[in-house]
Amino acid sequence: MNQQSLHRKTIYPDSLIISVFFCLLVLLGFLPTTNQFLHWFIIPITLSGIVIGIDAVQWFRGQLNIFSPVGVMGLLGVHFFFLAPLLHVSWDNWLGSDLIPPPDWRPWVGGMAILNLLGILLYRLSRNIDFSEFFQQKSINQKRNQKTVWMIDKQRFPLIVGIALIVCLVLQILVYSQYGGLIGYINAFADKQTEAGVGQGWLLMICESFPNLAMMAFTVYAKDKKRLQTWPVLITVLVIFFVIKLLFGGLRGSRSNTIWALFWAAGMIHFWLKKINKKQILMGMIFFMFFMYFYGFLKSGGTQGLETALQGVEAREEYTAENGRTWENLLLGDLGRTDVHAYMLYRLMDDDSDYQYAWGRTYYSAFTLLIPQQLWPYPEKPPNKSKEGTDLLYGMGSYIPGVWVSSKVYGIAGEIMLNFGPFAVPFSYIVLGVVVGSIQRSLSGYSKVDSRLLLLPMLINFSFTILIGDLDNLIYFLITVGGVPSLVIFTSSDRILSHPPLVNEIKQIGRAHV
């Protein structure tokens with residue numbers, strides 16, 4: 001067994017002890033806020049926090065790479081599985097008034113916590129499953145410890161990325177012109193009654209890749225130029241990247257689109273140029289939170305909403321009361337699925353429920369996103385998971401396209417409930433574990449000059465998207481966010497077969513290519 005395999009199977013008892021102490025301390029802080037915590041639901045909630053929190057503790061202790069998908073999932077998982085349920089109960093913040101709530105939310109929150117706890121345990125086990133070992137065939141002359149390194153070709157890359165940037169820029173200008181300019185573009189996507197973006201998926205996929213391609217070009221150019229690897233330069237580059245990202249897709253009301261693009265840019269810097277530390281990551285997370293809050297005004301009200309956000313505290317409070325753009329909804333709605341999952345469980349376990357399981361239909365319909373509307377127009381094209389989601393939340397037959405449709409996102413646990421019921425929830429986390437484990441092994445196995453490291457932050461982002469998103473969101477993410485940049489890296493990289501003793505030679509080849 002190699003050293004990497006040993007590291008993956010290592011158990012840190014002290015990290016477990018720290019996770020237990022942290023979760024119990026947090027729980028003690030919540031107990032005085034309301035007597036609603038005097039209920040059995042806090043047991044599976046706390047256990048879930050402890051188990052997923054082990055990875056977060058290892059991240060904080062430096063036992064995992066700053067951009068380790070295991071560590072990132074641990075950090076976000078502590079909020080998703082532990083803090084968010086506690087905050088829901090403490091704030092008494094649940095789904096909107098258009099749904100008939102259960103008499104008591106806590107049993108259903110606790111029920112989902114039990115399913116999630118079993119899922120987290122399966123997730124941790126499945127991270128060690130390496131399917132490549134089953135499918136990889138070795139020739140007689142090829143040793144098992146040989147691997148392929150992708151190297152940027154310094155002749156092809158500038159030409160390919162330059163052409164791609166020009167195409168993206170021209171198409172973005174075309175998109176703006178279709179909406180009457182920048183302001184019209186912003187307001188069109190903020191107005192929920194418009195058909196903004198319909199039929200433009202492939203166009204947006206290409207033009208909105210401009211910022212990521214530009215960041216790749218800078219990273220490759222700055223690889224061997226120390227003067228461009230100082231923090232003043234890199235911070236300036238990130239600020240410029242942020243502004244460009246707003247112009248290329250960010251202003252159409254997608255907060256996550258902008259946030260995860262910044263995550264990707266920071267990851268490229270970390271892997272190729274200059275290591276980022278935990279303090280800088282935490283400062284970035286604070287910026288992300290404030291950005292997501294204030295950008296919510298733009299998303300809901302367009303330029304008028306943004307003007308309100310800048311008028312002062314009183315104006316913001318009045319606006320948030322009317323439109324629900326609060327810190328609570330940000331933490332619980334955008335970064336959690338507690339109330340949605342609890343309500344789904346309540347509806348599915350109700351003796352009077354008439355819901356009919358989708359039996360995989362939502363997964364099938366998700367792949368129809370790959371077929372352009374011109375080739376398979378609505379209404380012939382099957383509806384996505386919104387049909388089952390609406391029928392479950394509001395009753396069978398509630399789904400009426402264009403009239404009454406739930407736009408909620410259910411996450412990996414929620415979507416499998418729509419298809420196969422609550423008892424399938426733990427098994428859905430096996431998929432998450434296999435993906436996270438595969439990305440973690442790639443992080444450990446890539447050479448420092450491997451061009452695939454430029455795509456790795458996007459895949460780390462994708463792993464968390466699996467937890468909070470549905471299959472159609474995941475497919476859309478891979479195509480629109482990763483499609484064009486992946487194609488550029490694929491076409492501009494050479495594949496070189498390497499062997500561990502030849503590491504120095506590979507580095508020299510890398511410098512020659514870059």
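Here are the numbers:
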{"item": "Residue-by-residue Karplus 3J(HN,Hα) for the stretch 483-492, coefficients 6.51, -1.76, 1.60, Hz, glycine and proline x", "result": "x, 5, x, 5, 5, 5, 5, 4, 7, 10"}
{"item": "Subset of 385/448; 223/245; 223/278; 278/448 violating a 29 Å alpha-carbon distance limit", "result": "385/448"}
{"item": "Accessible area per residue in Å² at 1.4 Å probe, computed on the stretch 360-483", "result": "38 Å²"}
{"item": "Note, ³J(HN,Hα) from phi for the stretch 53-65, Karplus 6.51, -1.76, 1.60, rounded to Hz, x at Gly and Pro", "result": "x, 4, 5, 5, 5, 5, 5, 5, 8, x, 7, 10, 4"}
{"item": "Karplus-derived 3J(HN,Hα), 6.51/-1.76/1.60, for each residue of the stretch 149-154, Hz, glycine and proline x", "result": "10, 8, 10, 5, 8, 5"}
{"item": "Segment residue 368-residue 289, extension gain: residue separation times 0.36 nm, minus the distance between their alpha carbons", "result": "25.1 nm"}
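The values are calculated or read from the model by the stated rules, or taken from the named source; none is laboratory data. Keep in mind that this is a model prediction, so the values were computed, not measured. Note: areas computed on protein heavy atoms with side chains; ligands, DNA, RNA excluded. Shrake-Rupley method; radii C 1.70, N 1.55, O 1.52, S 1.80 Å.
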